[in-house]
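Here's the structure we're looking at; comments come further down.
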2 protein chains.
Amino acid sequence: MPTTQAFGTTSATAPVASLTIERRDPRPHDVQIEILYCGICHSDLHTARGEWPGTVYPCVPGHEIVGRITAVGDHVKKFKVGDIAGVGCLVDSCRECDNCKEGLEQFCSQGGTFTYNSADKISGGHTFGGYSKSIVVPEDFALHISDKLPLDAVAPLLCAGITTYSPLRHWKVGKGTRVGVLGLGGLGHMGVKLAVAMGAEVTMLSHSPSKEQDAKRLGAHRFVLTSDAEQVKTVSGYFDFILDTVSAEHDYNFYLGLLRVNGVMVCVGVPPQPITVPALNLIFGRKSVAGSLIGGLPETQEMLDFCAEHNIVSDIELIKPDQINEAYERMLKGDVRYRFVIDFKSE
Amino acid sequence: MPTTQAFGTTSATAPVASLTIERRDPRPHDVQIEILYCGICHSDLHTARGEWPGTVYPCVPGHEIVGRITAVGDHVKKFKVGDIAGVGCLVDSCRECDNCKEGLEQFCSQGGTFTYNSADKISGGHTFGGYSKSIVVPEDFALHISDKLPLDAVAPLLCAGITTYSPLRHWKVGKGTRVGVLGLGGLGHMGVKLAVAMGAEVTMLSHSPSKEQDAKRLGAHRFVLTSDAEQVKTVSGYFDFILDTVSAEHDYNFYLGLLRVNGVMVCVGVPPQPITVPALNLIFGRKSVAGSLIGGLPETQEMLDFCAEHNIVSDIELIKPDQINEAYERMLKGDVRYRFVIDFKSE
C-alpha cells in the first residue's frame with residue numbers, strides 16, 4: 001500500500017512524533033483526501049497516552065479533519081477532485097442495521113469504524129486518524145464543507161461541533177428554551193454558539209469568574225458563577241436543558257436542582273467517577289439525565305450546513321505538527337481558547 | 001370542627017389503631033366524601049412508621065380513596081350529592097404557578113398539599129388521609145369515577161394507576177413500543193395492564209420465576225427471568241422504555257444495557273441507594289434515566305377514564321380496617337397480589 005507521513009505515538013509514554021503509515025488506494029467508492037487541518041480533541045490525548053483502555057500502537061489520533069479531495073474511486077458521485085471535504089469520528093459502519101439506516105452510524109449495531117484506533121475492516125490492522133498528510137475514506141463518510149468559512153476553524157466542528165449540536169437538536173432546543181451550558185472548553189464554547197444560533201436563551205455555568213467575559217463574547221446571554229450561592233439561587237429550577245461538557249468530577253445533583261419540571265441534563269463529558277443521583281432527584285420534577293455521542297453522518301452534514309448558514313466556527317489556535325506535544329501539555333492546563341488545530345499545509 | 005373516625009398511628013412504633021380526627025365543614029368549593037374504599041400504598045407504611053423523615057403524628061395515611069359525595073359547597077359545579085368520587089395523592093395546590101396551570105399540580109412550585117402528612121393550609125395542622133370514614137377536599141381535587149368498574153378495585157388507580165400511567169403517556173408509549181416493566185408489585189402490575197392497553201409490546205422483567213404465570217395473566221407478552229443470562233441476552237439492547245418500579249437496591253446499569261438507542265428508563269420506585277451509572281452507559285446509545293411522580297389532576301382523570309374504557313382495575317385483596325397492621329406485615333413479605341384495599345363500608 002502507498003505510504004504517507006503521519007504523527008503519532010509508538011507507546012503510552014512516547015511523545016507524538018513523525019511516523020510513516022500506509023493508506024490504501026481508493027476503492028471504487030472511496031475518496032482520497034489531502035489533509036489541510038486537523039483539530040486536537042481531548043480524546044486524542046487520552047488515546048495517544050493509553051489513558052483509556054485499548055490503545056493499539058502506533059497510534060495516530062485525529063478526528064476533526066478538513067482537506068482537499070485528491071483522488072476519487074470510479075463510482076464516487078458526491079465528490080470530485082479539488083473539493084473540500086471533512087472527516088469526523090467515523091470512517092465506516094455496517095450501513096445495514098437499523099441504527100445505520102436511521103443515520104445513527106455512531107450507534108452501528110455491528111460497531112462502527114472510528115477514525116482512529118478502531119479495527120480497520122477494509123485494510124486490516126487498525127485505523128489511523130487525521131494527524132497525517134492524507135486519508136482515504138468511503139465517500140459516504142466524507143462531508144461537504146462550505147467555502148464560506150475559514151477551513152482551519154471548521155475542523156473542530158467535526159467532533160466538538162457535532163457532539164454539542166446533536167443533543168441540542170435531539171432534545172429540540174430552540175427559541176425560548178432555557179439552556180445552561182456547563183463547562184467552557186472545546187465542547188462548551190461550541191455549545192454556547194450553537195444554542196444561541198438556535199434561538200435559545202443561553203447561560204454559561206462555570207466556577208471560574210475568568211470565563212464570564214469570554215462566555216458573553218461567544219454569545220451567552222448570561223453567566224452564573226456556580227460557586228456563588230446568590231447567583232445560583234437565581235437559576236434554581238430554571239433550565240429546560242443543561243448541556244454538561246465537563247470531564248472532571250462534579251456533583252450532578254447540584255445541576256439537577258437547576259432544572260425546571262421536565263428538564264433534561266445531557267452529558268457529553270465523561271468524568272472518571274459515575275453519575276450518582278438519588279432517584280428522588282429525578283422523580284421530583286420528572287427530570288432526566290441522558291447521554292449523547294457525536295452524531296450520525298446526515299446530522300453531521302446538517303450541522304456543517306447550519307454552521308455555514310450562521311457563520312459559526314470554532315475559536316482556534318493554529319499550530320504546526322511539531323507543536324502537538326506542547327499543545328497536549330497546554331490542554332492539560334486548560335490553556336487553550338478553545339481548540340488547537342494542526343496546520344498540515346505549513347509542512 | 002366536626003370529627004370522624006380514622007385509623008392511624010400515634011408514633012413510629014405504635015400500631016395502626018382507631019382515632020378520632022377533625023374534618024372541616026365543606027367550604028363553597030369543597031366536597032365532602034364518605035369514604036367507601038382506600039387502597040394501601042407502601043408509602044403509607046413508610047410514613048406511618050416514620051421510616052421517611054418528617055412524619056407528624058397522629059398519622060392517618062391513605063391516598064387511594066374512593067367514596068360517595070355526601071355534601072357539596074354552594075359553588076360546587078362538578079359534583080352533586082350521591083356521586084362517586086376519587087381522591088388521590090393531592091388535595092390542594094396553589095393553582096397559580098406555571099406547573100399548576102399546566103395541570104402538573106404534583107410539581108406545584110409553592111408545594112402542593114399532599115393527602116396526608118402535609119401542612120394543611122386551609123384547616124391548619126397537617127392533612128389526614130383516606131384511612132378514615134370521610135374527607136373534605138376542594139372539588140378540583142376530586143375525580144369522577146365511572147360506575148362501570150368495581151369501586152374497591154378502582155381505589156389503587158388513584159396512586160398506583162397514575163404513577164405508572166403518567167410516565168407511559170409522557171414518554172409516548174403506544175403501539176409498537178417495546179416496554180419492559182421491572183418489578184411485579186402494586187405499581188408493576190398496573191404498569192403491565194396499562195402498557196398493554198396502550199398497545200405496547202410488554203415484557204415483565206423479574207428475578208422471581210414464580211411471577212411468570214401472573215405476569216402473563218396480567219397481559220404481559222413476554223417474561224424474562226433476569227437471573228438467567230440466556231434469557232437476558234435475548235433482550236439486550238431491546239427496549240424503548242423500561243418502567244422501573246423497584247424500591248429495593250438494584251443495578252441500573254444492568255437495565256440500561258437492555259435499552260436500545262434512544263431508550264429511556266423511568267424510575268418510579270425509590271431505593272435507599274442512589275442511582276449510580278457511568279456517563280458512558282448513557283452516552284453510548286443516547287439513553288436516559290428519568291423519574292416520574294404520580295400525575296396531575298387532569299391526567300389522573302384521563303387515566304380513570306382510560307381505565308373505564310379499557311376495563312382496567314387493580315388486582316386487590318379487600319380487608320377490614322382492623323386488618324391494616326396485618327396487611328402491613330404481609331406487604332413487607334411481598335404477600336399481596338397486588339394491593340390491599342380497606343373496605344370502610346364493612347364497618
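The values are calculated or read from the model by the stated rules, or taken from the named source; none is laboratory data. If you're wondering where the values come from, they're calculated on a predicted model, not measured in any experiment. Here Cβ is always computed from backbone atoms with ideal geometry, including for glycine, and neighbour counts include all displayed protein chains. For accessibility, only protein heavy atoms count, side chains too; no ligands or nucleic acids. Shrake-Rupley method; radii C 1.70, N 1.55, O 1.52, S 1.80 Å.
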Fill in the blank from the handout: One can check that the equivalent ellipsoid of chain A, built from the alpha-carbon gyration tensor with semi-axes equal to the square roots of five times its eigenvalues, has lengths in Å, largest first, of 34, 21, 19
Problem - All Cα pairs of the range A:109-218, percent lying beyond 24 Å - result: 41 percent
Practice task
Name the most mobile residue of A:75, A:29, A:144, meaning the one with the largest mean-square fluctuation, in a Gaussian network model of chain A with Cα contacts below 10 Å.
Solution key: A:75
Exercise for the section: Within 10 Å of each Cβ in peptide A:268-280, how many partner chain Cβ atoms are there on average? Round it to a whole number, please. Expected result: 6
Completion exercise
Here, the range A:194-270 modelled as identical Cα point scatterers in vacuum has Debye log10 I(q)/I(0) at q = 0.12, 0.13, 0.17 Å⁻¹ of -0.31, -0.37, -0.66
Fill in the blank from the handout: Residue-normalised 222 nm signal for the protein assembly as shown, counting each DSSP H run of n ≥ 4 as -39,500 (n - 2.57), nearest 500 deg cm²/dmol, is -6000 deg cm²/dmol
Completion exercise
Partner shielding of B:107-116, taken as the mean number of other chain Cβ atoms within 10 Å, equals 1
Exercise for the section: In debye, nearest 20, what is the charge dipole magnitude of chain B about its Cα centre with +1 on Lys and Arg Cβ and -1 on Asp and Glu Cβ, if you could check? Expected result: 700 debye
Practice task
For the range B:161-291, calculate the relative contact order in percent as a whole number, restricting contacts to Cα pairs under 8 Å that are 6 or more residues apart.
Solution key: 21 percent
Handout entry: Per residue accessible area of the protein assembly as shown, 1.4 Å probe, in Å²
Key = 39 Å²
Handout entry: Pairs of Cα atoms farther than 22 Å apart, the range A:4-81, %
Key = 35 percent
Problem - Dimensionless Rg/Rh of the protein assembly as shown - Kirkwood Rh, Rg from C-alpha atoms - result: 1.06
Problem - Dipole of the range B:161-291, positive end: most advanced residue of B:168, B:259, B:282 [Cβ charges, Cα centre] - result: B:168
Handout entry: Label point distance in nm, residue A:234-residue B:234, each placed 7 Å from Cα along Cα→Cβ
Key = 5.8 nm
Practice task
Take peptide B:251-264, look around each residue's Cβ out to 10 angstrom, count Cβ atoms belonging to other protein chains, and average those counts.
Solution key: 2
Exercise for the section: Could you list which residues have their amide H under 5 Å from that of residue A:259, counting only those 5 or more apart in sequence or on another chain, with H placed in the peptide plane? Expected result: A:237, A:238, A:239
Practice task
Determine, from the Cβ-Cβ distance of residue A:57 and residue B:284 and an R0 of 22 Å, the FRET efficiency 1/(1 + (r/R0)^6), rounded to the nearest 0.05.
Solution key: 0.35
Handout entry: Most mobile listed residue (A:168, A:332, A:243) in chain A, GNM with C-alpha springs under 10 Å
Key = A:332
Handout entry: Sequence-separation-based contact order of chain B, relative, with Cα cut under 8 Å and 6+ spacing, percent
Key = 17 percent
Practice task
Using a 1.4 Å probe over the heavy atoms of the protein chains, calculate the carbon and sulfur portion of the accessible area of chain A as a whole percent.
Solution key: 50 percent
Exercise for the section: Take each of the peptides B:14-27, B:197-210, average the number of other beta-carbon atoms within 10 Å over its residues, and list them starting from the highest. Expected result: B:197-210, B:14-27
Practice task
Give the value in nm², to one decimal: projected area of the alpha carbon convex hull of the range B:295-347, averaged over all directions.
Solution key: 4.9 nm²
Handout entry: Total accessible area lost when B and A pair, probe 1.4 Å, Å² to nearest 100
Key = 2800 Å²
Fill in the blank from the handout: When chain A is treated as a Gaussian network with springs between alpha carbons less than 10 Å apart, the largest mean-square fluctuation among A:241, A:306, A:254 is found at A:254
Handout entry: Of every Cα-Cα pair in the range A:161-291, the percent that sits beyond 22 Å
Key = 27 percent
